[in-house]
1. Read through the list (1) at pLDDT below 60; (2) part of a helix (DSSP H, G or I), then give the number of the only condition that A200 fails.
2. Identify, please: which residue in region 236-262 is of a type in the set (G, A, S) and under 14 Å from Y401 (Cα atoms) and is, among those, surrounded by the fewest Cβ atoms within 10 Å (Cβ to Cβ)?
3. Any idea how many residues of region 224-257 are small (G, A, S) and over 19 Å from the mean Cα position of the chain (by Cα)?
4. Do you know which residues across region 281-295 are of a type in the set (A, V, I, L, M, F, W, C) and surrounded by 20 or more Cβ atoms within 10 Å (Cβ to Cβ)?
5. For region 305-342, which residues satisfy the criterion of being farther than 29 Å from S128 by Cβ and part of a helix (DSSP H, G or I)?
6. Tell me yes or no: at least one residue of region 46-62 is at pLDDT 80 or above, closer than 30 Å to S395 by Cα and touching a Gly at 6+ places or on another chain (Cβ under 8 Å).
7. Is region 363-372 home to any residue that is in contact (Cβ under 8 Å) with a residue 12 or more places away in the chain, part of a helix (DSSP H, G or I) and over 22 Å from Q121 (Cα atoms)?
8. So, in region 12-24, how many residues would count as being buried (at least 19 other Cβ atoms within 10 Å of the Cβ) and over 18 Å from A374 (Cα atoms)?
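The values are calculated or read from the model by the stated rules, or taken from the named source; none is laboratory data. Because the structure is a prediction, the values reported are computed rather than measured. Backbone-built Cβ (ideal geometry, glycine too); neighbour counts: all protein chains shown.
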Amino acid sequence: NQIALFQSLAGLGANGAQRAAKFLSASCSVAPLIVGALPLSDTSLFDVVFFGCCLELLCIAATAITALHAWPEWPTKGFGPTVFCTLFVAYSLGYGAVVSVMPMLTRRSAPEGALCSGLMQAFVASLSAGAILGIAAAAAAAASHSAALGPMAAFLSLILGMATFPPLGGLPLKVARCILKAGLHLGPEELLAWEQKQPANCLLSSPAPSKEAPVPAASLASLLPTLLLLSPFYAAASQWTTSWYVQTLYCDRCVFGIVIPACLLQGFERLSSLAALTWLRSRTTVLRLKLPKRLGLGSVCAALAMLAAALVEVARRDWAPRLPGQPEVSSLSVAWLLPQFALIAAGEAFIYPASAEFLSSSPFAYGLGCAAQAGAVALLGLWLGYLKAWIPDGSPNQGHYDLFYLCLGAAGLVASGLFVLLPFPTFSQHG
């Protein structure tokens, strides 16, 4: 859990931890830009996945060791936070490389149509499933007061995942075949045609130059308005791992006499995302909606999530009484926060598969999309430095999180309208 780790191991306050988490998210997009700028063949893309996972594995192991040997004076000496933040940035580069390459490989195996949309949804669902495991580990770490438990669980799960890589039997292809057969109801002929299009699953291969035609600058320039319209959504979507976590800490988390870890609401968000993706996959009419409408619907869901968060924050801070013996914690139940987590999950279910389907036609275009996401989150992180009256380092009771959420919600509503009104660029792999 980023906020908890930045606070416990780097000694940051609420505002500083949220800013650090947003800058970390922005650094994930450096790798997609590098990958997109390089001429890579299909086999080289598999190499990028392998080396990205290796970098993640190294940084996770080092983070676990750092957490195991952390002591109270580290934040004052500065050595601990420096090492910790360096590890996080290095990890984000590996993670960014992996998540940028996978949609490209998916798009090459299924260039267009319902199969392409379904595979993009499966890719986003796999990220959600992995996040649920990580959140469960974070909850166990919070319950046992062991900051190293989360990185240790991540290390083991990544080792198991890398064990399925070719040439160890081609298990990913077999699993993908079962999912496509059961989930998308593809016949034997369609499955065979799909498998024949798959690139050779060779790791540690020598890079070969790509034969793709260069993407004209005009095509990339036409993407910029759409990417700018996605910025309010990216800013809103970053809240469920940052400011909403802080908001949860100051609500009544006692359920049936048990105080639940704050990160479990993030697990609810990931489960909601999986549920929304499953529902959308079963509704072929939704998948056949044009991309502007899908992006607009996602922006509307994100805007509604921000408006719900603002209303709940006012009720938490001003209307509900404080818990006895805890003058900073509201008696408002965390159950009131569930709608905003569900709404942002629905927005992600619309936006992420649609944007991946739209941008993955070109590696550099996908990197440009990641750069837009990074820019939105980084600007938000810079903005937070000037918003300490709204988002203080201490208790949110002293700030105005609600005004911050209202600004993001209003921007999302404006963007959703522009998605429908403005012309949407057409972008293909060959320009």
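1. So A200 meets the others, but not (2).
2. Applying the filter and picking the extreme gives S243.
3. Count: 1.
4. L287, L295
5. Selection gives V314, R317, D318, W319.
6. There is no residue in region 46-62 that is at pLDDT 80 or above, closer than 30 Å to S395 by Cα and touching a Gly at 6+ places or on another chain (Cβ under 8 Å).
7. no
8. Of the residues in that region, 3 qualify.
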